[in-house]
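Here's the structure, in structure tokens; my notes come after.
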Amino acid sequence: MTDTAAIGSILVVNAGSSSLKFAIYRDTVRVARGEVENLGASARLSVAHENGAPVRQPVDAATIADALQVALDWIGREFAGLRFDAIGHRIVHGGTRFRAPAVLEAATLDELEALDPLAPLHQPYALAVARQLHARFPRAVAVGCFDTAFHAGWDDAAQRLALPRRFHDAGLRRYGFHGISCEYLSARVRELAPNARRVVLAHLGSGSSISAVRDGSSVDSTMGFSALDGLPMATRCGEIGAGAIFHLSRQFGLGLDAIEHMLYYDSGLAGVSGFSGDMRALLADGSEAARQAIALYARRCTAAIGAMAALLGGLDALVFSGGVGAHAAALRQAICEPLAFLGIAIDSNANALNAQRVSAAESALPVFALVTDEESVIAQHCRTQIAARAADAAARRA
């Protein structure tokens, strides 16, 4: 047990429909990181803790509220008397208004709830957790960090859908997601390849998107209006012709709710393979169905990287990240082989080791495999908010 009663800390929370991730920071140091995952009968708590042995144990957590309580119980046992100066939340959708991190006042949470239909796998759960944590820690500054904010500067051609103008004006437009990861990766590229102005970021995981970044600013991304868009994912369909929705209804008799559920939960890699959306399981399986799912995913990724390079007018660096992008060497190889026309060459040994730089010496541009760290970005935005509030308080006293 660690006595931290006198130390201000930051809690970072990332809540979704089936898991809750959390991290604790003291100053700039992360002292614990955990997750309550697989909510339901197989729920488990996993924690890496700087002062203790790793935790991996089954827990009773059927809902996100249960998962939050499991996390708070563990924090209470391990960090006696802990107070939080700030609690940072990953919030998927900020709509058109929230273009930067924001303090989550009650009115702000009410406004963000209106965006629930645009991100149903994440938004309702993140906001519910934010309300619960505010009730538990009312003195902590609650800070929302939005996945859409990194992409908020897109020009009109990137944002607009080819629909009647009134729908665009009502918010039916392309937003882009995985922005917190993109923010972290863009900063890392500036360190690793400071001369790289035109960068493609491939955040590949259970949710996947590929983004074009110029001079640190987002230009476009594959995931546009919703988290269903763009690449096929673990259980999400990705890009699908609009006519397919009507065909599913008319030919197969599916209602809108059934179609929505299928596209979010039963499609993607899991739908194509018929048994799993986990890339590790697919790569290990060897069946024809698994190979088909992998080939589809790789093809779409290759096409998206090529498209993003075209929008940038060339490519100076390519980054793979996310649980799949940073760890699936065979997939990176399959994606990059057709991109040889861009001068990309992969070092097979470095790639097999999931090295930080996986490109060969003769490659015309660096290719990186980086573990993203959204939590550190959120924690830094919390520190910024704490400092701003302290400066405002000092100015009022002066």
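Values quoted throughout were computed directly from the atomic coordinates according to the rules given, and no laboratory measurement underlies them. What you are looking at is a predicted structure, and each value in this text was computed from that prediction instead of being measured. We place every Cβ from the backbone using ideal geometry, glycine too, and count neighbours over all the protein chains shown.
Projected area of segment 229-301, taken from the Cα convex hull and averaged over every viewing direction, in nm²? Please list the in-between numbers first.
On the way: hull surface 19.2 nm².
Directional mean of the projected Cα hull area for segment 229-301 stands at 4.8 nm².
Work out, in µm²/s and without decimals, the Stokes-Einstein translational diffusion coefficient of segment 179-374 at 10 °C, 1.306 mPa s, Rh from Kirkwood over C-alpha pairs.
On the way: Rh = 17.1 Å.
D, rounded to a whole number, is 93 µm²/s.
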Expressed in angstrom and rounded, the centroid-to-centroid distance over alpha carbons for segment 165-193 and segment 280-343 is 20
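So if I place +1 on the C-beta of Lys and Arg and -1 on the C-beta of Asp and Glu, and nothing else carries charge, what would the dipole magnitude of segment 223-358 be about its Cα centre? I want it in debye, nearest 20. Please list the in-between numbers first.
Values: 8 positive and 11 negative charges, 32 e Å.
That gives a dipole near 160 debye.
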Of the candidates 295, 59, 100, the farthest towards the positive dipole end of the chain (Lys/Arg Cβ +1, Asp/Glu Cβ -1, centred on the Cα centre) is 100
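Please compute the length gained on full extension between residue 389 and residue 60, using 0.36 nm multiplied by the number of residues separating them and subtracting their Cα-Cα distance.
Between residue 389 and residue 60, full extension yields an extra 114.6 nm.
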Which order, highest average first, do 222-234, 364-376, 286-298 follow once you tally other Cβ atoms within 10 Å for each residue and take the mean per peptide?
-> 222-234, 364-376, 286-298
Highest first, please rank the peptides 157-169, 194-206 by the mean number of other Cβ atoms sitting within 10 Å of their residues.
-> 194-206, 157-169
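With the Cα gyration tensor of the chain giving a ≥ b ≥ c as the square roots of its eigenvalues, does the rule (a/c under 1.5 for rounded; else a/b larger than b/c for prolate; else oblate) give rounded, prolate or oblate?
Working: a/c = 1.39, a/b = 1.32, b/c = 1.05.
It is rounded, given that a/c, with a ≥ b ≥ c, falls under 1.5.
Of the trypsin sites (Lys or Arg not before Pro) in segment 96-143, which ones lie in a loop per DSSP and count no more than 15 other C-beta atoms within 10 Å?
Numbers: sites: 97, 99, 131, 136, 139; in loops: 97, 99, 139.
Of the trypsin sites (Lys or Arg not before Pro), the ones in loops of segment 96-143 whose Cβ has at most 15 other Cβ atoms within 10 Å are 97, 99, 139.
Applying a 10 Å radius around every beta-carbon, put 310-322, 48-60, 255-267 in order of their mean neighbour count, most first. Before the final figure, lay out each step's value.
Numbers: 310-322: 20.0, 48-60: 12.2, 255-267: 14.8.
Taking the mean over residues of other Cβ atoms within 10 Å, the ranking is 310-322, 255-267, 48-60.
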Specify which residue in the list 261, 371, 313 is farthest towards the positive end of the charge dipole of the chain, using unit charges on the beta carbon of Lys, Arg (+1) and Asp, Glu (-1), about the Cα centre.
-> 313
Shape of segment 2-146 from its Cα gyration tensor (a ≥ b ≥ c, root eigenvalues): rounded if a/c is under 1.5, otherwise prolate when a/b > b/c, or oblate?
-> oblate
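Just the number, please: percent antiparallel of the DSSP beta bridges in segment 1-141, rounded to the nearest 5. Let's see the in-between values first.
Details: 25 of 34 bridges.
Counting only bridges with both partners in segment 1-141, antiparallel ones make up about 75 percent.
Just need the relative contact order of segment 71-148 here, percent rounded to a whole number, with Cα pairs under 8 Å and 6+ apart. Intermediate values should be presented prior to the final figure.
Working: 92 pairs, mean separation 40.5, N = 78.
It comes to 52 percent, rounded to a whole number.
Please state the charge dipole magnitude for the chain, taken about the Cα centre, from unit charges on C-beta atoms (+1 on K and R, -1 on D and E), reported in debye and rounded to the nearest 20.
On the way: 36 positive and 39 negative charges, 125 e Å.
Here the size comes out at about 600 debye.
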